[in-house]
Amino acid sequence: MNGFLKESKQYIFLFFGIITCSFSPLKNNKSSVQIENLRCEYLVNPLGIDVIDPRFSWELTSSERAKSQKAYEILVASDSLLLSQGIGDIWKSGKVSAIESNQVSYKGKPLISDKSYFWKVRIWDETGNVSEWSSISFWSMGLLLASDWKAKWIGLPSILPAVEQDRHIVPPSPLLRKEFTLTKKVRRATLFSTSLGIYNIYLN
């Protein structure tokens, strides 16, 4: 009789063990969607833009069919290292319920002239699963205010007014040169220029 009870207890233990295992669901909340072709103001990693609330765009790819976006989150940081750590010190949009992946306007801190910014995005798909973060992209700002320009206008002295028959003739373009000497190592340099006409800039 005691042998029968011991054997029964073993069967009961095995039975409950099977039940416990059958109710252990597999957890997989990652979406198969990947985010590619990140653009800021329609360009990949643009330099010197003059838009104070730039627009972001991205594209979705997946090995599965009928995948779509239901929400997104954008992080913008002042340094790529911060962004790689998940820190958006310039803008953290939070989860935004929207299907738009084109012309999504920036809504973070005011942007500063001659400053580089780094951004990435992730999305939630139609089943509520979140994707991996995209790769890191960047853009830089131009000089937004007249007071940001420290250089002086350069050009040729005024010429005599053209006679009536010559008023549609454009004079030859001047070649303007400026020499400078670097006194320390350069980590990053940006040349800002503007003109009322067409011009080419060369740096030897």
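Of the listed requirements (1) free of Cβ contacts under 8 Å to residues at least 60 places away in the same chain; (2) closer than 20 Å to Ser131 by Cα, Gln34 misses just one: (1).
Looking across Trp139, Trp133, Trp119, Trp91, one residue alone is at pLDDT 95 or above, surrounded by 12 or more Cβ atoms within 10 Å (Cβ to Cβ), more than 20 Å from Ile49 (Cβ to Cβ) and not acidic (Asp, Glu). It is Trp133.
The values are calculated or read from the model by the stated rules, or taken from the named source; none is laboratory data. All values derive from a computational prediction rather than experimental measurement. As a convention, Cβ positions derive from the backbone with ideal geometry for all residues, glycine included, and neighbour counts pool all protein chains shown.
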